[in-house]
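Inspection log for the structure reproduced underneath, given as structure tokens.
Only the coordinates and a few stated rules stand behind these numbers; no lab work does. Just so we're clear, the structure is a prediction, and the values are computed from it rather than from any experiment. No Cβ is skipped: glycine too gets one built from the backbone with ideal geometry, and neighbour counts run over all protein chains shown.
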């Protein structure tokens, strides 16, 4: 049952309830044997029914908007047949059709099928404060499932997607699912701040970017919970058009993070001016610096200090071994991420075992 069908059925039910309550209220006013308290209760029931109907309509319209966006993206895939070998491929209207190996075409068909049939699962990995190791944030990952229920690992399709110029569309679809999941994760007093990886292709693609910003406008209340993450290489070669679109997202109150840092030297103040509030450096990079001579270790501490002065929090990622922790703590790093603190697991695992998280400062 799609959202429009649900809206029709649930809406009819709520309207029927409101109609019955309304008729009873009118009857209560006319009938002399109805007490004032009965009229009050029935009037309250009518008001509640109307409020529920309004809230239901808003929720379903938001959900339908997301489905429409996904369908718009999926519709940009089209099956085409190569003449001669009979192999099928996936093409996008905005890009020329490449000649792909049969293996790549098969992998991308599995990806397309998984996305189109809603076989996308959300995984979370905690980001903890140091040295307390309290969960402060999560990074969101998505896993696609094949028809037989097996997980399609990213390594199985990322290279094929890049060769076929499909990685941006796949990232965009998964991003929408992550945004939807963040809303579902917030319950009661819980406030989940989640890092969501975003492809620069999202900002290059004007058609999708316009849809995406409309979606952000409709979910403006999530601005403090969503942190969009880009890779450091993508930031270094960012086109002026992308920077303009990036500024458009920042103006809506959404913050950014950069990961895969491969150099300690950068204009971090310039990144902070673009609303980058987090930077992730691998434990291997930080430990390699601290293992050097005294000047190298000092440079690693200076790097952390420069980020702090710029207003950017450093997160050391890919932390796997307890033996590395003394050196990491000696560098004065405030946040850590990696299997040592928690591996990526289905979202439900952390929801059942997590206390309310503090809001991002």
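Shape verdict for region 245-361, please, from the Cα gyration tensor: rounded (a/c under 1.5), prolate (a/b greater than b/c) or oblate.
Cα axes put region 245-361 in the oblate bin.
Remark: the residue 330-residue 252 segment gains 24.4 nm on full extension, using 0.36 nm per residue and subtracting the alpha carbon distance.
With a Förster radius of 35 Å applied to the C-beta separation of residue 339 and residue 308, the computed FRET efficiency comes to 0.85. How would you classify region 118-352 from its alpha-carbon gyration tensor, with a ≥ b ≥ c the square roots of the eigenvalues: rounded for a/c under 1.5, else prolate if a/b is greater than b/c, otherwise oblate? Verdict is prolate for region 118-352.
Take the Cα of residue 269, go 7 Å toward its beta carbon, and the backbone nitrogen atoms of region 311-327 under 14 Å from that spot belong to 311-312.
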